[in-house]
């Protein structure tokens, strides 16, 4: 067997079945608002709408590629100020994540992204991924917002 060959059609089908079965089971998860398959996408793509606390609602996208399962969520727009401190905080946070990192996307917006090998797709791995994204957003959203958009919070500080 060639270790660099893409997964077989059967292995890919197993990953899809594992993912869709896991997604169907999310109905019981209290932080999950919805699970939707992106039927208009030319690739196998789903999103999970999550109810957070620090960030009220966000979507975690899952894209099943030829060799990997990629996942991402939009965190916030590019910072308006304190750019150095903002990006430093996110980079320092990246060091504590597993299979997940803050990235800069379109229009310099901030995303959390990750990717695992298709052969690693399991219910346990998917639970860990969704939990990691949730924990990262909850931990980092407000502090990053207060650094990158500090002047918008100046009124809040004056009221105290």
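Some points to look at:
- Residue 112, sole failed condition from (1) closer than 19 Å to residue 147 by Cα; (2) surrounded by fewer than 20 Cβ atoms within 10 Å (Cβ to Cβ): (2)
- Of all the criteria given as (1) under 13 Å from the mean Cα position of the chain (by Cα); (2) modelled with pLDDT of 95 or more; (3) under 20 Å from residue 55 (Cβ atoms), the one not satisfied by residue 149 is (1).
- Among the residues of the stretch 118-131, the one identified as surrounded by fewer than 16 Cβ atoms within 10 Å (Cβ to Cβ) and part of a loop (DSSP other than H, G, I, E, B) is 122.
- Breaking point among (1) at pLDDT 95 or above; (2) within 21 Å of residue 135 (Cβ to Cβ); (3) exposed (fewer than 14 other Cβ atoms within 10 Å of the Cβ), for residue 100: (3)
- Unique match (being modelled with pLDDT of 95 or more and either surrounded by fewer than 16 Cβ atoms within 10 Å (Cβ to Cβ) or within 30 Å of residue 37 (Cα to Cα) (or both)) among 71, 87: 71
- 2 or more residues over 17 Å from residue 141 (Cβ atoms), out of contact with any helix residue (DSSP H, G or I) (no Cβ under 9 Å at 6 or more places or on another chain) and in contact (Cβ under 8 Å) with a residue 40 or more places away in the chain: qualifying strands (runs of 3 or more DSSP E) within the stretch 17-117: 110-117
The values are calculated or read from the model by the stated rules, or taken from the named source; none is laboratory data. Computed from a prediction, not measured in an experiment: that's the story for all the values here. Using ideal geometry, Cβ is built from the backbone for each residue, glycine included, and neighbour counts are taken over all protein chains shown.
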